[in-house]
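Quick notes on the structure that follows.
The values are calculated or read from the model by the stated rules, or taken from the named source; none is laboratory data. Model, not experiment: these values are computed from the prediction. Note that we place each Cβ from the backbone using ideal geometry, even for glycine, and neighbour counts take in every protein chain shown.
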Amino acid sequence: MTCETIWENKGVLKRLSGHVSADEFVHSVEAIQADPRFDDIRYVINDFSQVSSHELDADLLQELAAIQYGAQASNPQVRAVYVGLGRDPGLAQLLRSILIGSHRSVYQVMLFETLPQARDWLQGEMRSAWRGGLLTRSSAS
């Protein structure tokens, strides 16, 4: 797996490509959560648009939910976004049933077809949080 992690102003874009093993995916999640910048981010975008195959299954997503539960102590406001799952409806359904439908994820999880759709949604979320007093002007920029 190739995993390009791009730290942005208020989040992380994680571009995945090729074959994604279960261990590699968990490692990429843990690496972001272990970074000191994690405490200040508001989103992680997992871009699967260049993934050819993967080993993500129900057990791994249960483990991911548990990992997120621990990370929530340092940053409860992260949104986990998955994009580019159009070629893999099975993974999209697993994400919906385990991380969204069962409410096992402590973070808000969303799925989008494209990166621009995800960014539009995130921009609206940041505006709503700022209006609701959850973010200061400096943290919303």
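Below are the figures for this structure:
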| item | result |
| --- | --- |
| Residue satisfying condition, being in contact (Cβ under 8 Å) with a residue 40 or more places away in the chain and surrounded by fewer than 20 Cβ atoms within 10 Å (Cβ to Cβ), within set GLN93, GLN108, GLN62, GLN72 | GLN62 |
| Qualifying residue in region 48-63 (condition: at pLDDT 95 or above, farther than 11 Å from TYR107 by Cα and under 12 Å from the mean Cα position of the chain (by Cα)) | yes |
| Residue in region 64-77 that is more than 29 Å from SER128 (Cβ to Cβ) and part of a helix (DSSP H, G or I) present | no |
| GLU24 of a type in the set (D, E, K, R) and either touching a helix residue (DSSP H, G or I) at 6+ places or on another chain (Cβ under 9 Å) or loosely packed, with under 14 Cβ neighbours inside 10 Å (or both) | no |
| Some residue of region 95-108 being more than 28 Å from GLY18 (Cα to Cα), out of contact with any helix residue (DSSP H, G or I) (no Cβ under 9 Å at 6 or more places or on another chain), modelled with pLDDT under 90 and of a type in the set (A, V, I, L, M) | no |
| Test set (1) in a helix (DSSP H, G or I); (2) of a type in the set (D, E, K, R); (3) touching a strand residue (DSSP E or B) at 6+ places or on another chain (Cβ under 6 Å) - ARG15 fails condition number | (1) |
| Single condition ILE45 does not satisfy, out of (1) closer than 28 Å to GLY124 by Cα; (2) among the hydrophobic types (A, V, I, L, M, F, W, C); (3) part of a loop (DSSP other than H, G, I, E, B) | (3) |
| Sole exception among (1) surrounded by fewer than 20 Cβ atoms within 10 Å (Cβ to Cβ); (2) within 14 Å of the chain's Cα centre (by Cα) for VAL44, by number | (1) |
| First in region 75-89 and under 13 Å from THR114 (Cβ atoms), second anywhere and polar (S, T, N, Q) and part of a strand (DSSP E or B), Cβ under 6 Å, 6 or more apart | TYR82/ASN46; GLY84/SER49 |
| Within region 111-139, considering residues that are modelled with pLDDT of 75 or more and buried (at least 16 other Cβ atoms within 10 Å of the Cβ), the one farthest from LEU60 (Cα to Cα) | MET126 |
